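Data first, discussion second: the structure below is written as structure tokens.
Every read-out reported here was derived from the displayed coordinates using simple, explicitly stated rules and does not represent laboratory data. The structure displayed is predicted, hence computed values, not measured ones. Here Cβ is always computed from backbone atoms with ideal geometry, including for glycine, and neighbour counts include all displayed protein chains.
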Protein chains: 2
Amino acid sequence: MELSSPFPMEAVAIEKQTLHDQVANRIRDLIIEGHLAPGTRIDETMLVEQLGVSRTPFREALRTLAAEGLIIIRPSKGSIVRKLTPQDVFSMLELLAHLEKLAGRLICERASDAQIDGLLKLHEEMLKRYREGDRLPYYKLNQEFHSRVSELAGNESLRDVQANIQARLKRIRFLGNSKPAYWDSAVAEHEQMAAALRKRDGEALGQVMAQHLMNTWDRVKDHI
Amino acid sequence: MELSSPFPMEAVAIEKQTLHDQVANRIRDLIIEGHLAPGTRIDETMLVEQLGVSRTPFREALRTLAAEGLIIIRPSKGSIVRKLTPQDVFSMLELLAHLEKLAGRLICERASDAQIDGLLKLHEEMLKRYREGDRLPYYKLNQEFHSRVSELAGNESLRDVQANIQARLKRIRFLGNSKPAYWDSAVAEHEQMAAALRKRDGEALGQVMAQHLMNTWDRVKDHI
DNA sequence: ATTGTATATTTTGTATACAAAATAAGGAAT
DNA sequence: ATTCCTTATTTTGTATACAAAATATACAAT
């Protein structure tokens, strides 16, 4: 069923940022870093004041964030930071599992040796952080690893969807790494990924990645 | 690897529409129905006049559409209707193939008999239109069929992503049904889906659906 | 004719102002 | 005290106004 992608990859141009974009980024960070907790009402007057912009770009930013699924706009009743139900998280992880399974298979077919090498380097970095017990850097490298796998799969839509879901799950997954035992098992799974990568065994890689994501459900489900 | 979803399905409330939403819907229709061709610049002054709204809700609608991938906002240079490159379409179909493969597997596990029956009824409807040569109604039922498969898979994220991609491909897929031979083969594939559905054979259903989508690439690729 | 440059016009981005809706506050009646 | 209703106050939605940027136009110099 698989077709090898008939298109090469290409670079993207850098665009200038409008106020709207900056505001969207700022709010996104506030949400992801937990300064705006899920369920919190988004106080326009306050935030507009705090960010020093007028309501027009601010509200445009809200539309963007709503479309991304980070907030919910209730007509005439204000916006709130979206609170993920267990159902939401499960469905996102289930989907992500399949997306990354696909990505895993595809990179083994499509990525260059150098690119695979880059992934393995990233993996080594992660291991180092793990051994030294540096949770935050590990976490960031982990995000980077998964993003890059999706990136290198050579399917832009896949990358976009993965990025969106990963962003929305960011906070929750961070919490999931709290228990040491959880971290150990996650690292073990990453070791398996690295092994599959070295062999360019797409089937195995996909399998491990999917399993990894479904295990993530077990690791995070009590934190919701 | 598969877990059966630990959550039941539930109904959703109906929300009132803001002006912004109405405008977004209107423009979406204009794009999907081809009144605003891909690549076309979106003339704010003209459309705002035509729709009888001010620029504020109009521009908010643009943000929403941009987040959905239907238009592209180039800062200070206006918005254009997004033109899909062959790469874009391929990547969307490749992804869609995997999403619907997953959906096919899941409905066989999770959907009720009545729901599967509903799908088969829809299929019969489609056949009738096919035999009578009514392309447009067939096309609409087809969209409905694929949407409902994703709906019944019981994974909200999957449904959302499928809906988004399907919407963006709407026009192009319509064009793909032009040649009679193409239509014949698409219907043949749908017959296979129905057969798998009747047996609740998720593996087979997923397989056919994925194949169906990859064949769609062949059916549409010359229309881009 | 072509290129370049200066000026006018249009288009886009943001702020403010006003209207409508929702929420909160203040009593009166039970 | 609790419920209901009425009236402020706040919050949200939309329109308009102004600023900045981009594009088009006109004209001169080569």
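Numbers below:
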quantity: Long-range amide H partners of B:Thr40 with built H, under 5 Å; calculated: B:Val81
quantity: Partner chain coverage, peptide B:81-94 - average Cβ within 10 angstrom; calculated: 4
quantity: Highest-MSF residue in chain B out of B:Asn25, B:Asn177, B:Asn164 [GNM, Cα springs under 10 Å]; calculated: B:Asn25
quantity: Crossing angle, helix B:86-110 versus chain B [Cα axis fit, 0-90 degrees, rounded to tens]; calculated: 40 degrees
quantity: Under-5 Å amide H pairs with A:Ile224, H placed in peptide plane, nonlocal only; calculated: none
quantity: Crossing angle, helix B:19-32 versus chain B [Cα axis fit, 0-90 degrees, rounded to tens]; calculated: 70 degrees
quantity: Chain A - percent relative contact order, Cα under 8 Å, separation 6 or more; calculated: 25 percent
quantity: With Cα atoms, 0 to 90° folded angle of helix B:202-220 axis to chain B main axis; calculated: 40 degrees
quantity: Net charge of Cβ neighbours under 11 Å - reference A:Lys170; Lys, Arg +1; Asp, Glu -1; calculated: +3
quantity: Copy-to-copy label separations for A:Gly34, where each label sits 7 Å from Cα toward Cβ, in nm and ascending; calculated: 5.3
quantity: Per-residue mean of C-beta atoms belonging to partner chains within 10 Å, peptide B:57-66; calculated: 4
quantity: GNM flexibility winner over chain B from B:Glu151, B:Glu33, B:Glu109 (Cα, springs under 10 Å); calculated: B:Glu33
quantity: Partner chain coverage, peptide B:157-170 - average Cβ within 10 angstrom; calculated: 3
quantity: Neighbour-count order for A:Phe174, A:Phe90, fewest beta carbons within 10 angstrom listed first; calculated: A:Phe174, A:Phe90
quantity: Size of electric dipole in chain A: Cβ of Lys, Arg +1 and of Asp, Glu -1, about Cα centre, debye, nearest 20; calculated: 700 debye
quantity: Residue order, fewest to most beta carbons within 10 Å, for A:Ser147, A:Ser112, B:Ser91, A:Ser76; calculated: A:Ser76, A:Ser112, A:Ser147, B:Ser91
quantity: For the axis carrying chain B to chain A: nearest C-beta residue of B, whole Å; calculated: B:Ala67, 2
quantity: Whole-Hz ³J(HN,Hα) from phi, Karplus 6.51 cos²θ - 1.76 cosθ + 1.60, for the range A:193-201, glycine and proline x; calculated: 4, 4, 4, 5, 4, 4, 8, 6, 8
quantity: Viscosity 0.890 mPa s, temperature 25 °C, Stokes-Einstein D of the protein assembly as shown from Kirkwood C-alpha radius, µm²/s; calculated: 105 µm²/s
